[in-house]
Amino acid sequence: MKVVATEKAPKALGPYSQGYVHGGILYSAGQIAINPEADDVTAVTIEEQTEQVCRNLGEVLKEAGTDFDHVLKTTCFLADMADFAAFNEVYAKYFTSKPARSCVAVKTLPKGVLCEVELIAAVE
C-alpha cells in the first residue's frame with residue numbers, strides 16, 4: 001500500500017490519510033472546501049465550495065499518479081439537497097467521464113461546509 005500525501009490539498013483533520021493506493025486503485029478520503037493555502041474554508045457558496053473540493057481532489061489524484069478521467073466512483077455528501085443542481089453544474093466540469101456516483105444529504109459536515117466528495121480511481 002502507498003500513502004498519498006500532498007501539501008497542495010488540505011491536510012487531514014483527524015487520524016486518516018488523504019488517500020491510499022493499493023492494487024492499482026486510489027481510495028481517497030473525503031475532501032471538503034478547505035483552501036490549502038489559507039488552511040481554512042474561504043469559499044462561501046455551494047458553487048465556490050464545490051470548485052475548491054474538486055481542486056483538492058485533483059491534487060490528490062495527481063499525487064497518486066492519476067486524473068479525473070480515471071475516477072471509477074464518487075460519493076458526494078451535501079448539507080442541503082436543495083444545492084443538488086448547483087453542485088452538479090460544477091461537478092460535471094471535472095467528472096466528464098461520468099463515473100458511478102452516490103449523492104446523499106447529511107445533517108452536518110466538518111467545519112460547517114456545504115459539500116464533501118470522496119472517490120475511487122484507477123491508477124495506471
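The values are calculated or read from the model by the stated rules, or taken from the named source; none is laboratory data. All values reported here derive from a predicted model rather than from experimental measurement. Every residue, glycine among them, receives a Cβ derived from its backbone with ideal geometry; neighbour counts consider all protein chains shown. Keep in mind that these areas ignore ligands, DNA and RNA; they rest on the heavy atoms of the full protein, side chains included. Shrake-Rupley method; radii C 1.70, N 1.55, O 1.52, S 1.80 Å.
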What are the ³J(HN,Hα) values, in whole Hz, obtained from phi via the Karplus relation 6.51 cos²θ - 1.76 cosθ + 1.60 with θ = phi - 60°, for each residue of the stretch 65-76 in sequence order, with x given for Gly and Pro?
x, 9, 8, 4, 5, 9, 6, 9, 7, 10, 10, 10
Using Cα atoms only, what is the angle between the long axis of helix 84-94 and the major principal axis of the chain, expressed in degrees (0 to 90) to the nearest 10?
30
In the neighbourhood of Val106 defined by beta carbon distances under 11 Å, the net charge of the other residues (Lys, Arg +1; Asp, Glu -1) is -1
Of all the Cα-Cα pairs you can form in the stretch 48-112, what percent are over 17 Å apart?
41
Whose amide H sits under 5 Å from the amide H of Gln31, counting only residues 5 or more places off or on another chain, with H placed in the peptide plane?
Val117, Glu118
For the chain, built as a Gaussian network whose Cα springs stay under 10 Å, the top-fluctuating residue of Pro99, Pro15, Pro110:
Pro15
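Averaged over all directions, how much area does the convex hull of the C-alpha atoms of the chain cover when projected, in nm²? Each step should come with its number before you reach the end.
On the way: hull surface 27.6 nm².
The Cα convex hull of the chain, projected and averaged over all directions, gives 6.9 nm².
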Using modelled backbone amide H atoms (1.01 Å from N, in-plane), which distant-in-sequence or interchain residues come within less than 5 Å of Ile25's amide H?
Val123
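Quick check for the chain: number of Lys pairs with alpha-carbon distance under 16 Å, counting only pairs 8 or more apart or on different chains? Write down the numbers at each step before the final one.
Details: Lys2/Lys62; Lys8/Lys62; Lys11/Lys62; Lys11/Lys111; Lys73/Lys93; Lys73/Lys98.
Lysine pairs meeting both conditions in the chain amount to 6.
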Degrees, to the nearest 10: 46-64 long Cα axis against longest axis of the chain:
10
With all protein chains modelled, accessible area of Cys103 [1.4 Å, Å²]:
30
Proximal charge balance of Pro36 [Cβ under 14 Å; K/R count +1, D/E count -1]:
-2
Mind telling me which of Ala79, Ala38, Ala64 comes out most flexible in a GNM of the chain, alpha-carbon contacts under 10 Å?
Ala38
